[in-house]
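One structure is given below, encoded as structure tokens.
The values are calculated or read from the model by the stated rules, or taken from the named source; none is laboratory data. Owing to the predicted nature of the structure, the values given are computational and were not obtained by experimental measurement. Using ideal geometry, Cβ is built from the backbone for each residue, glycine included, and neighbour counts are taken over all protein chains shown.
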Amino acid sequence: MTDTAQSNAQDLIPLSVSRVVEDSNTDTRIIVLTRTDDADTFTIWVGAPEGDSIRRALDAATPPRPMSHDLVKSFGEHFGITTKRVVLTDVKSSTYYATVFLENKGVERSIDARPSDAIALALRTHAPIYATPDVWKRRSGQHLDAWLAKLDTKDIDTQEV
Amino acid sequence: MRLLGCGGEIVMITQMQVKGLMFDPYNNAYIVVLRDEDESEMLPIWVGKSEASAISLALEHVAPPRPMTHDFMKSFLDAYNAKVISVVITDLNEHTYFAKVHLMYEDSEYAVDSRPSDAIALAIRSEAPIFANDSVIRKQSSEELEQWLENLKPDDFGKLDS
């Protein structure tokens, strides 16, 4: 685990998932995270199945059968393991790293995860999502808002045809 | 092998091995092929692309640079020393398979409802045995026959007449 993962909770930047945008050209999904204290955004690219899993959680959709992250949630419920928080801890060559903090009977454990799995679990367990100040400083997609707006409009057009 | 069902009834189960993954171009899906030890029974399970890839990575002992979803699932269980004892393919209903993941946690046993694809992907990573209820194996062969009958075109009957 990196030192940044252990940084004070007060220093962490609270984030919420605003939406999941489909990038049909590359079969990936773009997760738009918004800083809850000042509405500034942050985007990360994730695989299609992970992105779709995050979207289902956002929509509070209940699939007929438990999907992979529903199963992780179910394990937690059976054993009394709660997801305390999810922290985006590092970024190296455009790859983001996350740590999931768990708790059971006062015992805290942390596990390494991709942000997609971490966020998919956090949304299902109503756990807060944070980024370290360092990750926030080095985030990509500060100027993507206009581009995303355009992409959304294009998508709507395509659907209307 | 005998296993006591939830209602106290005796359920017969057979240990299965993952024999391989096949691509099914007609359904644009993958088939996980399970076979029993003496290869007398076969259970094909249709799964999506990402589920097939999760199973294939584990079968080939590929360690991806970052933990994939089922590696994350295993880390979650490992963090509190919860062990996967076995997984059982329990039911087949209208082409949907049902599975249970059996786990041991703090001296108690748990059975958690799961899709077979997640159960199998987790079982391989945990080196846990995979079982199928004998009723599923029997149902599978009858559903297979039903599907075959449904696919028959009027022409096929014509051929029989001539």
Practice item. Give the residues of the stretch B:112-130 that are more than 13 Å from A:Arg65 (Cβ to Cβ) and in a helix (DSSP H, G or I), sorted by residue number. Key: B:Ile120, B:Ala121, B:Leu122, B:Ala123, B:Ile124, B:Arg125, B:Ser126
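Yes/no matrix, rows are residues, columns are (1) among the basic types (Lys, Arg); (2) touching a helix residue (DSSP H, G or I) at 6+ places or on another chain (Cβ under 7 Å); (3) modelled with pLDDT of 90 or more:
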site: A:Ala98; (1), (2), (3): no, yes, yes
site: A:Glu103; (1), (2), (3): no, no, yes
site: A:Glu108; (1), (2), (3): no, no, yes
site: A:Ala131; (1), (2), (3): no, no, yes
site: A:Arg138; (1), (2), (3): yes, no, no
site: A:His143; (1), (2), (3): no, no, no
site: A:Lys150; (1), (2), (3): yes, no, no
site: A:Ile156; (1), (2), (3): no, no, no
site: A:Val161; (1), (2), (3): no, no, no
**Study point:** The one condition in (1) hydroxyl-bearing (Ser, Thr, Tyr); (2) more than 17 Å from A:Leu15 (Cβ to Cβ); (3) modelled with pLDDT under 95 that A:Ser68 fails to fulfil
**Key:** (3)
Study note, to complete from the structure: Per the list (1) under 18 Å from B:Phe131 (Cα atoms); (2) under 12 Å from the mean Cα position of the chain (by Cα), residue check on B:Ala52 breaks on (1)
Review point. Is it true that B:Ala123 is more than 11 Å from every other protein chain (Cβ to nearest Cβ) and in contact with a Pro (Cβ under 9 Å, 6 or more places away or on another chain)?
Key: yes
